[in-house]
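A short write-up of the structure that comes next.
Throughout, read-outs are computed from the coordinates displayed, never taken from laboratory work. Not measured: the values here are computed from a predicted model. Cβ sites come from the backbone with ideal geometry, for glycine too, and all protein chains shown count toward neighbours.
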Amino acid sequence: MDTIKNEGPSVTVDVLVFAVNQKLDALKILLIRRKSHPFIHCWSLPGGFVEMQESLEDAARRELEEKTGLQNIYMEQLYTFGEPERDPRTRVISIAYMALIREEAVAVKAGDDAEEASWFTIHQLKDAVELIGDNGETLTYHVTRIPLFIGGVSSMEETAYKQEKSGIAFDHEKAIQMGINRLRNKAEYTNILFGLMPEEFTLPDLQKLYETVLGKHLYKANFRKKISGFVEATGEKKNQEGSKRRPELYRFRETVSEN
C-alpha cells in the first residue's frame, strides 16, 4: 500500500464536561483557554490529537487529564464532527465525548497547552446561549434551529456561527449546543441525574436539579408523578437551619416500581 497516497485526515477528541453546582441552581461546562495557535487565547473544549497506539476513549481520558487534571470520570461518545474546514491547520475529524459530574466533587487545574481552565454557567436566552465564567468572562453564541432528526446543527446555524466572533475556538459552539440538547433529552427519559444527588434528599431539591438541567419550570404535581416509581420515603425529615419546616427525605429505589 502506498501510505503517502492514502494519507487521511487527522483525528482529535474533545470532551464536554457538564457539572451541577452544590446549590443545584447552575448547569456548568468546563472550558480551557488555548495557549497556542490556532485560536490562541480563545476558549475551547479540552481535547487534542489521538496518538497512533491509543483508542479514542483512552485519548479522550488522557487529553482531559492533561488539560484539566480531571480523571476517572464516566464519559460517553456524543458525535463526530467532520466539516472539511473546521480546523485551519489541516483536515481534522473530531470525536466528541460528554460527561456529567458534581462540581464540588472535583478540582480542576490548567495543564499542558492550556492557559486556564474555568467553569462556565450556561444561561439559555431566547435565541442565544450565554456562558458566564467563574473567572468573570462571558461568551455568547446564537442558536437558530437544531434539527431533531440528526441532533446536529442546521445549515442556517452554520452561517450564524461563522459570522459570529464568540471567543470560542473551532466549531465548539456546535458541540456545546449538541451536548446541552443530548443531556436534556437523556434527563427526560433516563436516570442520568440520579448520581448527582446525595444518598438522601428532598423532593424539592430533586425537582430543582431537574429544572436546572432542563432549563425550564416543572409543575410540582406532574414532576412527582413522573418520578414516584424511582424514589421512596426514608421515614426521616431534613432539619433546615432557621426554619421550622422539616421536609421529608427520600432515596432512590434499588428496584424501580411500576406506577
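Net charge within 11 Å of ASP134 by Cβ-Cβ distance, Lys/Arg positive one each and Asp/Glu negative one each, not counting ASP134 itself?
Local net charge: -2.
Once the other residues with Cβ under 9 Å from the Cβ of MET98 are scored (Lys, Arg +1; Asp, Glu -1), what is the net sum?
0
Region 58-122: percent of C-alpha pairs farther apart than 14 Å?
Above the 14 Å cut-off, region 58-122 has 66 percent of its Cα pairs.
Order by neighbour count: LYS208, LYS237, fewest other Cβ atoms within 10 Å first, most last.
Going from sparsest to densest Cβ surroundings: LYS237, LYS208.
Arrange PHE194, PHE120 by Cβ neighbour counts within 10 Å, fewest through most, would you?
PHE194, PHE120
Give me the percent relative contact order of region 1-116, please, defined on Cα pairs under 8 angstrom at least 6 residues apart.
Worked out over region 1-116, it gives 36 percent.
For region 194-252, what log10 I(q)/I(0) values come out of the Debye formula at q = 0.28 1/Å, with one point per alpha carbon and no solvent?
So the normalised log intensities work out to -1.27.
In the calculated pair distance distribution of region 10-189, what percentage of Cα-Cα distances lie above 30 Å?
Details: 1750 of 16110 pairs.
Counting every Cα pair in region 10-189, those more than 30 Å apart make up 11 percent.
Less than 9 Å Cβ to Cβ from GLY47, Lys/Arg counted +1 and Asp/Glu -1: what total charge do the surrounding residues give? Mind dumping the intermediate values first?
Numbers: positive: LYS67; negative: ASP14, GLU63.
Surrounding charge for GLY47 is -1.
Using a cut-off of 28 Å between alpha-carbon atoms, which lysines can reach LYS238, once sequence neighbours fewer than 8 places away in the same chain are excluded?
LYS23, LYS28, LYS208, LYS216, LYS220, LYS225, LYS226
Taking the Cβ of each residue in TRP43, TRP119 as the centre, tally the other Cβ atoms inside 10 Å and list the residues starting with the fewest.
TRP119, TRP43
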